[in-house]
Amino acid sequence: RTNDSYECGRRRLSGVAGYTRSSVEVDALSVNGRTRMTDEASGAKPLLDRVAIVTGSGQGIGRGVAISLARAGAHVVIADQAAQRIASVTAAVEDLGVQALGIPTDVSRADEVRRMVQRTIERFGRIDILVNKCARTVSKP
């Protein structure tokens, strides 16, 4: 395997040829600096059968990244500290026709990170993509 770099995000396009709507949101996937647009209409799946772990994917940007990777064809591991947020993201990913695995994980604990990696490899046999989108805020007086 090569050391490809990936960047995912939502882009809003206006006046896109071939679309009847005035604007359309698509997933922009940048692979090694070259952007590929994917959406349900095009059927493009540049990450077909790749395995991605997305930490902090229970909500917000992490959730969006997990769904973007799934739309691009990747199987996604949903890792988040809050177990109650994992189920809805897992369902959204599976609705896109790929496999999802939800794992409650506190990435500040090495034992939980090892468990997340072990469960991912047990289920999928490998890890192709890792997105670290978790954050911890410490407030001090």
Problem - Backbone HN-Hα couplings from phi across the stretch 122-132 [Karplus 6.51/-1.76/1.60, Hz, Gly and Pro as x] - result: 4, 7, 10, x, 5, 10, 9, 9, 10, 10, 8
Practice task
Would you calculate the separation in nanometres between label points at Ser88 and Gln59, each defined as 7 Å from the Cα along the Cα-to-beta-carbon direction?
Solution key: 0.9 nm
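Can you pull out the trypsin sites (Lys or Arg not before Pro) in the stretch 68-138 whose DSSP state is coil and whose Cβ has at most 16 other Cβ atoms within 10 Å?
Arg109, Arg126, Arg136
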Exercise for the section: List the residues whose amide H sits under 5 Å from the amide H of Leu130, counting only those 5 or more places along or on another chain, with H placed 1.01 Å from N in the peptide plane. Expected result: Ile53
Practice task
Would you work out which of Val65, Ile86, Val117 lies farthest towards the positive end of the dipole of the stretch 46-126, given +1 charges on the beta-carbon of Lys and Arg and -1 on that of Asp and Glu, about the Cα centre?
Solution key: Val117
Practice task
Could you list which residues have their amide H under 5 Å from that of Gly102, counting only those 5 or more apart in sequence or on another chain, with H placed in the peptide plane?
Solution key: Ile78
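What is the percent carbon and sulfur in the accessible area of the stretch 80-141, measuring with a 1.4 Å probe over the protein chains and ignoring ligands?
Working: 2030 of 4090 Å².
Carbon and sulfur atoms account for 50 percent of the accessible area of the stretch 80-141.
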Exercise for the section: Apply 1/(1 + (r/R0)^6) to the Cβ-Cβ distance of Asp49 and Arg109, taking R0 = 30 Å, and write down the FRET efficiency to the nearest 0.05. Expected result: 0.50
Practice task
Apply the Karplus parameterisation 6.51 cos²θ - 1.76 cosθ + 1.60, with θ equal to phi minus 60°, to every residue of the stretch 45-55 and state each ³J(HN,Hα) to the nearest whole Hz, in sequence, with x for glycine and proline.
Solution key: 9, x, 10, 3, 6, 6, 10, 10, 9, 10, 7
Fill in the blank from the handout: For Ser108 the rounded accessible area (nearest 10 Å², probe 1.4 Å, non-protein molecules ignored) is 70 Å²
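The values are calculated or read from the model by the stated rules, or taken from the named source; none is laboratory data. Source: prediction; values computed, not measured. A quick note on method: Cβ atoms are made from the backbone with ideal geometry, for glycine too, and the neighbour counts reach across all protein chains shown. Heads up: the accessible areas ignore ligands, DNA and RNA and are worked out on the full protein's heavy atoms, side chains in. Shrake-Rupley method; radii C 1.70, N 1.55, O 1.52, S 1.80 Å.
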